[in-house]
Amino acid sequence: MSHQALLAIAIFLFAYGFIISEKIHRTILAMIGGLLMVACGIVDQETAIHHIDFNTLGLLIGMMIIVSITADTGLFRYVAIKAAKRAQGSPVRIMISLAVITAIASAFLDNVTTVLLIVPVTFSITRQLGVSPFPFLISQIVASNVGGTATLIGDPPNIMIGSAVKELTFMAFITNLAPIVVIVMASYIPLFVFMFRKQLQTSEERKRSIMELNVNGLITDSRLLVKCLSVLAVTIIGFFLHQAFHFESATVALAGAFILLLISGEHQMEHAISKVEWTTIFFFIGLFVLVSGLVETGVIADLAARAIDLTGGDPVAASMLIMWMSAIASAFVDNIPFVATMIPMIQEMGSMGVANLEPLWWSLALGACLGGNGTLIGASANLITAGLAAKEGHPIRFLQYLKYGLPLMLVSVALSSIYVYLRYLA
Amino acid sequence: MLTYAFNPDIIYITESNNDGDVEFFIRFVVEAPHLEKFKEVQHYFEDNEVYTDALFYAYENHEYRVIVRSDYYVEFVLQLMKHRLVEQVQWKE
């Protein structure tokens, strides 16, 4: 192994180790790691910029702008309260409704935004019902990670995979991942009810107070809502058709975002752009450059060769290895840097003769997205929800979450393994 | 303790204990402009960083229930005063 490759590995492990320790913000570490790759001459600036996937960044920025404007209309509060009324104030049915809404919203928005929108309404509903918000928050965390697995735009690992592999279109993600996501969610609902049934008791009077809520007035700006929903619908249709028109998904998302800004008025722009999570965007930039050092020095190619040796080139073994390794790794470390490292490795396996990469990509997507449910630190949505809950006096402890999250994660990965085997490998 | 007084020809307010928090029941006798002022109070609490300081629930006939965390009781009453929904606030021994 060359001196440059060893240096690249040292920088990568240094950055990765500190990211896991969470002592310094992950964005600062990824950016410093990426800059060290350039400063040490492992990659030159032009190569580093070439490795930054602007499609991933554009897609994230575009969707964040659309969602931030839509959130201001009161839509999400309206939908949640309406669902609670339809559930006739029953805590069990409300928990299920909110989990399903979270899963569907997470498929088309990003997970973090979805939980940021649904958690405040959850506090409001559970306070009215006089029940603990804990079962609702856990089911929403889990549902956000499961729902996000269904589409190309639902979860960062999918955005990265879809962007790196042009054949994996928006439609391909839905047709290949949505069926297993539906199966996993359907299997989770009775498990949620079983796990939390004792914590979901309330009085008839409190149920009635939910039923009597007036939803009129929850939509704060109906004209803006019509514009947002129209643009969101056109954008999602655009995702379905982007390959037919030879557009990248980032072009669709950014077009949607800036058309919405055009028709909703300039006064929305400052607020909407300030709501873009720039720390996440810079985290991605740093990671792409960090991983480029491993790619350019041949470390990733070496890892791919070892993975082929380990599995003997057998697609079943390779798929299962990738899925379970991704799930376990994603439960304990951030799945974004993990997927950023795995993508070039799987591509390299393709160039080394592994003919059918499709099951490997779906195994990576399923493992990385569903694995995030395993622990409280497994995904951004988990940490954000735990942070909000702690601030409001309902802390979610690591072990307390693990008791529910880990078994649920294992169930979903086991179901996914059967699905991938039967659909692609049997 | 903080006490307040309101004009019952405009607004009617009662409060009770709800699991350690204070639950306000508010009914508007006269809608304009007081209802808009009340929405400004709601906006104030919903737009800040704390989600559970004051939770607002709307019902038919301009009736509202507000569950206020005990540590935000004073702030809530002062917001009502600021928007002239109560006429008087006073500290009493």
**Q.** Lysine pair count for chain A [Cα-Cα under 26 Å; pairs on different chains or 8 or more apart]
**A.** 14
**Q.** Reciprocal mean inverse distance between Cα atoms of segment A:4-59 - Kirkwood radius, Å
**A.** 12.0
Q) Taking 0.36 nm per residue of separation and subtracting the Cα-Cα distance, what length does fully extending A:Lys275 through A:Phe258 add? A) 4.7 nm
Q: In whole Hz, with x marking every Gly and Pro, tabulate ³J(HN,Hα) for segment A:21-36 from phi via Karplus 6.51 cos²θ - 1.76 cosθ + 1.60, θ = phi - 60°.
A: 5, 6, 7, 10, 4, 4, 5, 4, 5, 5, 5, 5, x, x, 5, 5
(Q) Suppose R0 equals 35 Å. What FRET efficiency, 1/(1 + (r/R0)^6) with r the Cβ-Cβ distance, do A:Met352 and A:Ile183 give to the nearest 0.05? (A) 0.60
Q) Using Cα-only point scatterers and the Debye equation, what is log10 of I(q)/I(0) for segment A:191-297 at each q in 0.09, 0.11 Å⁻¹, rounded to two decimals? A) -0.53, -0.73
Q. Using 0.36 nm per residue, how much length does the chain from A:Ile20 to A:Asn216 gain when fully extended, once their Cα-Cα distance is taken away?
A. 66.0 nm
Q) Which peptide among A:153-166, A:213-226 comes first, and what is the full order, when sorted by highest mean count of other Cβ atoms within 10 Å? A) A:153-166, A:213-226
**Q.** Summed side-chain charge close to A:Trp362 - residues other than A:Trp362 whose Cβ falls under 15 Å, Lys, Arg +1, Asp, Glu -1
**A.** -2
(Q) Under the rule a/c < 1.5 gives rounded, and otherwise a/b versus b/c splits prolate from oblate, where does chain B land using the Cα gyration tensor? (A) rounded
**Q.** Estimated translational D of the protein assembly as shown in µm²/s (Stokes, Kirkwood radius over Cα pairs; 20 °C; 1.002 mPa s)
**A.** 87
Q: Report the one residue of A:Ala307, A:Phe288, B:Asn17 whose Cα lies farthest in the direction of the positive end of the charge dipole of the protein assembly as shown (charges on C-beta: Lys and Arg +1, Asp and Glu -1; origin at the Cα centre).
A: B:Asn17
(Q) Quick one: 3J(HN,Hα) in Hz for segment A:396-413, Karplus 6.51/-1.76/1.60 with θ = phi - 60°, rounded, Gly and Pro as x. (A) 10, 7, 4, 6, 4, 5, 4, 4, 9, x, 5, x, 5, 5, 5, 4, 5, 6
Q: Go through A:244-250, A:56-62, A:366-372 and give me the packing order, highest mean Cβ count within 10 Å leading.
A: A:366-372, A:56-62, A:244-250
Q: Per residue of segment A:94-110, in order, report the coupling 6.51 cos²θ - 1.76 cosθ + 1.60 (Karplus, θ = phi - 60°) as ³J(HN,Hα) in whole Hz, putting x for Gly and Pro.
A: 5, 4, 5, 4, 5, 5, 5, 4, 4, 5, 5, 4, 5, 5, 10, 10, 8
(Q) Taking R0 as 30 Å, what FRET efficiency do you get between A:Ala390 and A:Ile328 from their Cβ-Cβ distance, rounded to the nearest 0.05? (A) 0.70
**Q.** Rounded accessible area per residue of segment B:2-86, 1.4 Å, Å²
**A.** 51
Q: Show me A:299-312, A:31-44 ranked by packing, highest mean number of other Cβ atoms within 10 Å first.
A: A:31-44, A:299-312
Q. Can you pull the mean other chain C-beta count within 10 Å for peptide A:124-133?
A. 3
**Q.** Average beta carbon contacts from partner chains per residue of B:43-54, 10 Å cutoff
**A.** 3
(Q) Suppose we flag trypsin sites (Lys or Arg not before Pro) only when DSSP calls them loop and at most 15 other Cβ atoms lie within 10 Å. Which is the longest uninterrupted stretch of chain B? (A) B:1-83
Q. Using r as the Cβ-Cβ distance of A:Asp302 and A:Leu425, and R0 as 22 Å, what FRET efficiency do you calculate, to the nearest 0.05?
A. 0.25
Q: Taking 7 Å along the Cα-to-C-beta vector as the label spot, tell me the A:Leu402-B:Arg27 distance in nanometres, rounded to one decimal.
A: 5.4
Q. Can you pull out the GluC sites (Glu not before Pro) in segment B:1-89 that DSSP calls coil and that have at most 15 other Cβ atoms within 10 Å?
A. B:Glu31, B:Glu49, B:Glu60, B:Glu87
Q. How far, in nm, would the chain grow between A:Phe247 and A:Ile104 when pulled straight, counting 0.36 nm per residue and subtracting the alpha carbon separation?
A. 49.0 nm
Q: For segment A:324-399 and segment A:52-117, write down the distance between their C-alpha centroids in whole Å.
A: 21
Q. Hey, what number do you get for the protein assembly as shown at 222 nm if only DSSP H runs of n ≥ 4 count, each worth -39500 (n - 2.57), divided across all residues, to the nearest 500?
A. -22000 deg cm²/dmol
Q) For B:15-22, what's the mean count of beta carbons from other chains sitting within 10 Å of each residue's beta carbon? A) 1
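The values are calculated or read from the model by the stated rules, or taken from the named source; none is laboratory data. Here the structure is a predicted model, which means the values were calculated and not measured. Don't worry about glycine lacking a Cβ; one is built from the backbone with ideal geometry, like all the others, and counts go over all protein chains shown. Protein only, heavy atoms only, side chains kept; ligands, DNA and RNA dropped before computing areas. Shrake-Rupley method; radii C 1.70, N 1.55, O 1.52, S 1.80 Å.
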